[in-house]
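The structure under discussion appears below in the form of structure tokens.
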Amino acid sequence: MFHKSRHRVVRASGQIGICTIITIAGCGDGDSSAPPTESEAQNSITRGPEGLSFNQGWRVDQHVRVARDVDADGKVDLVGFGNDGVWLMANQGNSFAAPTMVVAGLGNNQGFNNTNSIRTLADVNGDGRPDLVVFGPSSVQVSLKNPGAGYGAPSVWSTDYSAPAWNFTQHVLAVADVDADGKADIVGMDDWGVYVSRSLGTSFEPKRLWLHDFNNGSGWTVGQYPRLVIDINNDGRADVVGFGSAGVWASLSTGTSFALKQMVSQNFGSNDGWQVGPHLRVFANVDGDRYPDIVGIGVAGIFVAHGGPGGVFGEMALVDRTPRLATALAEGHCRLLAINRSAFLNLVKHSRRFAASLLAAVSARARYAASR
């Protein structure tokens, strides 16, 4: 039975643009008050047909099972990469249908397993339905979702991310739309940098280096520093995000490259005790504002750093009292807070976090200008 426990909420300052970190520490058994009465509907569990389960031979360390809406009907279905192929349990509204094989391939018996392959779903042709994408030992294969039931036969879309050059235990491979064209692209991070192969709808174009950073050669290793590909600024283009030693870093997508990385949060880093094994750090929109937030489950509780719009410009004019060197043009609706020199200097003096984030922003601009 599940009980709702009371929580102690502590607020502190953080930075993703401008954000708040909320620490939620559960009081657990120390709370002697009785839990609120749960309704029968909340307490009940509906059992569907047996499928993709332990009793049918499915194992977490051997197979991949994903919950996704594969037919664009608004209901989440279950997809499993098993021994003999790919299985689907369609959502019927009040239960899942019995499992049916939709692809007689891409399974463990065909040489794809959790050690030598990455098996996932992503819409790579822009039709709104997620396709099967498999990074295998020798190629990247795709099985497109049919307009009706089932999937098409797998075909090779790329050979740029094959072993031994790409090692799935040492390198990061993801599928996300980096250019806002509605089709998911390949993003790979190896020993040298971040590569992208954009989807052409029927194949992936040859890989191209978009950023020389977030790579193993500069210390970003899988076992220490998680790296993700997610749209953090709500512009439709997926960005590269990494949890480093001092905090969280991001390189925003321009549609044709990734900008130089800049720190977006001074929290959730390994210097603060966050580790890959014991702790969980993910992105999720917890406040419904369309921007993903950082959610970290650590030793002391659950931490949330709210994402959203943020940034400064014109700061150098306030420092040296000279005319600004550039003009800012808004690409969409925005809210602008103007502050005078006295208020600006007061922020720098009394807020170390603001001063550090300001220095990081100025440094990133200088590095970007030097690279042009």
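The values are calculated or read from the model by the stated rules, or taken from the named source; none is laboratory data. Here the structure is a predicted model, which means the values were calculated and not measured. We place every Cβ from the backbone using ideal geometry, glycine too, and count neighbours over all the protein chains shown. Surface accessibility is based on the protein's heavy atoms, side chains included, excluding ligands, DNA and RNA. Shrake-Rupley method; radii C 1.70, N 1.55, O 1.52, S 1.80 Å.
Per-structure values
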| item | result |
| --- | --- |
| Number of the condition not met by V142 [criteria: (1) over 20 Å from the mean Cα position of the chain (by Cα); (2) surrounded by fewer than 15 Cβ atoms within 10 Å (Cβ to Cβ)] | (2) |
| Complete set of residues in the stretch 74-90 that are loosely packed, with under 14 Cβ neighbours inside 10 Å and of a type in the set (A, V, I, L, M) | V76 |
| N94 surrounded by fewer than 17 Cβ atoms within 10 Å (Cβ to Cβ) and in a loop (DSSP other than H, G, I, E, B) | yes |
| Which listed residue is loosely packed, with under 14 Cβ neighbours inside 10 Å and not in a loop (DSSP other than H, G, I, E, B), from G242, G288, G217, G277 | G217 |
| Residue check for P164: open to solvent by 10 Å² or more (accessible area, probe 1.4 Å), modelled with pLDDT under 95 and in a loop (DSSP other than H, G, I, E, B) | yes |
| Selection within the stretch 49-68 - assigned to a loop (DSSP other than H, G, I, E, B), loosely packed, with under 15 Cβ neighbours inside 10 Å and not aliphatic (A, V, I, L, M) | P49, E50, S53, G57, R59, D61, Q62 |
| Top-ranked residue of the stretch 167-185 - restricted to ones that are β-branched (V, I, T) and open to solvent by less than 50 Å² (accessible area, probe 1.4 Å), ranked as nearest to N233 (Cα to Cα) | V178 |
| Among (1) modelled with pLDDT of 95 or more; (2) in contact with a Pro (Cβ under 9 Å, 6 or more places away or on another chain); (3) assigned to a loop (DSSP other than H, G, I, E, B) - the single one D179 does not satisfy | (2) |
| Counted residues, the stretch 64-85 - those being aliphatic (A, V, I, L, M) and touching a residue at least 40 places away in the same chain (Cβ under 8 Å) | 5 |
| Top-ranked residue of the stretch 292-301 - restricted to ones that are at pLDDT 90 or above and in a loop (DSSP other than H, G, I, E, B), ranked as nearest to F268 (Cα to Cα) | G298 |
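Residues are listed down the side, and each one gets a yes or a no for (1) closer than 15 Å to G296 by Cβ; (2) of a type in the set (F, W, Y); (3) in contact with a strand residue (DSSP E or B) (Cβ under 8 Å, 6 or more places away or on another chain):
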{"position": "A250", "(1), (2), (3)": "no, no, yes"}
{"position": "G255", "(1), (2), (3)": "no, no, no"}
{"position": "L260", "(1), (2), (3)": "no, no, yes"}
{"position": "Q266", "(1), (2), (3)": "yes, no, yes"}
{"position": "V286", "(1), (2), (3)": "yes, no, yes"}
